[in-house]
Amino acid sequence: MKKCAGPAHGNVFDPACPARAVLEVLAEKWALLLVHMLANGPARTAQLRRQIGGISDKMLIQTLRRLERNGFVERRAFPEVPPRVEYSLTALGASLSEPITTLDRWVERHLRDIDGAQRQFDRRAR
């Protein structure tokens with residue numbers, strides 16, 4: 001791991017710090033939604049695809065792999081026919097699920113305010 005200038009635990013404002021790359025992974029909408037969904041317990045890819053509207057198979061698998069690589073998600077393959085794979089949050093991922101769920105709920109509660117701000121901005125921008 002590269003060293004960062006700044007705090008001992010990393011510095012997201014330093015472009016050379018690995019903390020920035022982790023933040024980029026977590027800032028993706030699919031990553032946020034997957035962590036939120038997996039906070040409810042282990043799930044298979046088909047279940048996640050059904051619950052998260054609009055995600056393609058490719059994006060689902062790519063995002064799960066990025067989350068797994070960063071230690072947020074665990075992949076468990078069962079020796080069955082047909083093969084069964086489940087994804088679940090690790091302890092690290094579970095510690096992240098509360099702030100993500102809180103952010104999701106905040107967006108849902110303030111959607112009208114945000115929509116109003118967007119409309120007001122768009123009227124001024126004309």
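Considering only the range 34-54, state which residues are in contact (Cβ under 8 Å) with a residue 40 or more places away in the chain and farther than 25 Å from Pro82 by Cα.
Val35, His36, Ala39
Collect the residues in the range 95-126 that are farther than 22 Å from Leu32 by Cα and acidic (Asp, Glu), keeping them in residue-number order.
Asp122
Of these, Val107, Val81, which one is out of contact with any strand residue (DSSP E or B) (no Cβ under 8 Å at 6 or more places or on another chain), among the hydrophobic types (A, V, I, L, M, F, W, C), surrounded by fewer than 12 Cβ atoms within 10 Å (Cβ to Cβ) and not in a helix (DSSP H, G or I)?
So the residue among Val107, Val81 that is out of contact with any strand residue (DSSP E or B) (no Cβ under 8 Å at 6 or more places or on another chain), among the hydrophobic types (A, V, I, L, M, F, W, C), surrounded by fewer than 12 Cβ atoms within 10 Å (Cβ to Cβ) and not in a helix (DSSP H, G or I) is Val81.
Would it be correct to say that Val12 is part of a loop (DSSP other than H, G, I, E, B) and surrounded by fewer than 11 Cβ atoms within 10 Å (Cβ to Cβ)?
No, not satisfied.
Filter the range 79-126 down to residues that are closer than 29 Å to Arg66 by Cα and among the β-branched types (Val, Ile, Thr) and give me whichever is modelled with the highest pLDDT.
Once the filter is applied, the top-ranked residue is Thr90.
Please work out which one of (1) surrounded by 10 or more Cβ atoms within 10 Å (Cβ to Cβ); (2) closer than 25 Å to Val25 by Cα is the condition Gln118 fails and give its number.
(2)
Scan the range 84-104 residue by residue and report those that are outside any helix (DSSP H, G or I) and among the small types (Gly, Ala, Ser).
Passing the criteria: only Ser88.
Residues in the range 18-29: is at least one in a loop (DSSP other than H, G, I, E, B), farther than 17 Å from Gly93 by Cβ and at pLDDT below 90?
Checked against the condition, which is being in a loop (DSSP other than H, G, I, E, B), farther than 17 Å from Gly93 by Cβ and at pLDDT below 90, the range 18-29 yields no hits at all.
Can you run down the residue pairs with Cβ atoms below 7 Å, 6 or more apart or on separate chains, where the first is in the range 100-119 and in contact (Cβ under 8 Å) with a residue 60 or more places away in the chain and the partner is outside any helix (DSSP H, G or I)?
From residues that are in contact (Cβ under 8 Å) with a residue 60 or more places away in the chain, the pairs are Thr101/Ala39.
The values are calculated or read from the model by the stated rules, or taken from the named source; none is laboratory data. Worth saying up front: this structure is predicted, and the values here are computed from it rather than measured. All Cβ positions, glycine included, derive from the backbone under ideal geometry; neighbour counts span all protein chains shown.
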